[in-house]
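Take a look at the structure set out below.
Every number in this text was worked out from the coordinates using simple rules, so none of it is lab data. Everything numeric in this text was worked out from a predicted model, so none of it was measured. So basically every Cβ, Gly included, is an ideal-geometry build from the backbone, and we count neighbours across all protein chains shown.
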Amino acid sequence: MKVGIVGCAGRMGRMLVAETAKTEGCEIGGGTDLPGSPFVGKDIALLAGLEECGITVISDPVELFATVDAVIDFTAPAATMKHAAIAARAGKILVIGTTGLSTDQKAELAEFAEKTTIVFAPNMSVGVNLAFALVEKVAAILDKDTADIEIVEMHHKHKVDAPSGTALGLGEAAARGRGVDLETVSVRSRDGFTGARENGSIGFATLRGGDVIGEHTVVFACEGERIEITHKASSREVFAKGAVRAAKWAEGKGPGLYAMRDVLGL
Ligand code: NAD
């Protein structure tokens with residue numbers, strides 16, 4: 001399977017190139033980055049710390065989609081929407097790890113997925129996806145009068161969206177467990193005189209700093225005890241591994257919008 005990486009000069013892009021190269025049944029089909037990027041025209045394998053492979057980074061995604069079987073996208077929301085439109089037209093597999101998509105963008109993604117296979121996951125790690133399943137289960141057992149749910153996350157200082165896509169994913173899992181809509185119960189931040197905590201709300205707290213790859217804790221605070229489900233990523237490799245696994249899994253699947261839980265059979 002020929003895999004293309006859009007945004008291949010980014011932190012995740014480079015990891016994805018390296019992971020694709022070492023995955024059996026996959027080969028690097030090419031990569032893009034923003035027009036004007038100093039990395040366009042450079043050998044894609046050299047960027048990822050591998051030996052030169054003779055494929056240079058280009059800036060035209062249409063050209064990339066035409067020559068590969070699947071594309072992996074860890075870029076930015078506006079770029080991802082453009083890539084999804086191209087994937088739908090070309091009928092190519094698209095694996096999306098980009099976070100920070102708006103509700104409207106997610107709805108548009110579902111429309112593109114009527115024409116092609118899209119796997120979209122705010123977090124591609126196996127561990128986090130297990131945490132999603134556990135959180136849903138605990139939230140289904142502990143109702144809103146028994147436990148207050150709070151989600152705390154920390155990431156490196158370069159991250160541009162908050163709360164993280166994973167924190168929101170954990171919130172959605174908790175809301176699903178309780179049979180409520182996250183949009184209507186979430187409290188994204190608190191400042192000043194906020195009044196007492198509203199029963200049934202799901203709170204978020206965001207920390208940013210240093211080189212933290214990603215840490216998330218879901219707290220179920222009860223009377224007299226507390227349950228915490230924590231996931232800590234110590235390498236970006238786990239996300240790259242999950243994304244390449246998703247691309248391989250998607251081969252031969254019909255059009256549709258899939259999640260990591262489909263890929264992992266959870
Ligand atoms: P980064 O800024 O290091 O990399 C993004 C790359 O995309 C850059 O090289 C940038 O030039 C490129 N890019 C932007 N627009 C483009 C376009 N139109 N065409 C081609 N390239 C374009 O960021 P990063 O740390 O690699 O993270 C990227 C995204 O992935 C973020 O949204 C982040 O939150 C998300 N992420 C998701 C997971 C997951 O498991 N789903 C894990 C880590 C990061």
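In a GNM of the chain with a 10 Å cut-off on Cα contacts, which of Gly210, Gly224, Gly13 has the highest mean-square fluctuation? Result: Gly224 has the largest fluctuation of those listed.
Looking at the range 197-251, the GluC sites (Glu not before Pro) that sit in a DSSP loop and have at most 11 other Cβ atoms within 10 Å of their own Cβ are Glu223, Glu225. Only beta bridges with both residues in the chain are counted; by DSSP, about 35 percent of them are antiparallel. If you take the Cα centroid of the range 72-124 and the Cα centroid of the range 140-154, the two points sit 30 Å apart.
The modelled label-to-label distance between Lys22 and Thr194, using points 7 Å beyond Cα along the C-beta direction, is 4.2 nm. Give, as ranges by residue number, the residues of the range 162-176 whose backbone N falls under 16 Å from the point 7 Å along Cα→Cβ of Ala110. From the range 162-176, the list is 172-173, 176. Any idea what % of Cα-Cα pairs in the range 138-264 are farther than 24 Å? Cα-Cα pairs of the range 138-264 separated by over 24 Å account for 39 percent. Shape index of the chain: Rg/Rh, with Rg the Cα radius of gyration and Rh the Kirkwood radius from the inverse mean 1/r over Cα pairs, equals 1.00. Applying 1/(1 + (r/R0)^6) with R0 = 45 Å to the Cβ-Cβ distance of Cys222 and Ala79 gives a FRET efficiency near 0.60. Looking at this model, which pairs from Lys42/Lys115; Lys157/Lys232; Lys159/Lys248; Lys106/Lys159; Lys232/Lys253; Lys22/Lys159 are more than 23 angstrom apart at the alpha-carbon? Beyond 23 Å: Lys42/Lys115; Lys159/Lys248; Lys232/Lys253; Lys22/Lys159. For Gly256, nonlocal amide neighbours, meaning residues 5 or more places apart or on other chains whose placed amide H falls under 5 Å from its own, are Thr116, Thr117, Ile118. With the convex hull drawn around the C-alpha atoms of the range 104-208, the volume per residue stands at 132 Å³. Calculated on C-alpha atoms, the gyration radius of the range 145-201 divided by its Kirkwood radius gives an Rg/Rh of 0.98. With N the number of residues in the range 84-128, Rg(Cα) / (2.2 N^0.38 Å) evaluates to 1.17.
Over all distinct Cα-Cα pairs of the range 1-154, the Kirkwood formula returns a hydrodynamic radius of 16.9 Å. For the range 51-104, GluC sites (Glu not before Pro) are listed when DSSP marks them as loop and at most 15 other Cβ atoms sit within 10 Å of their Cβ; the list is Glu51, Glu52.
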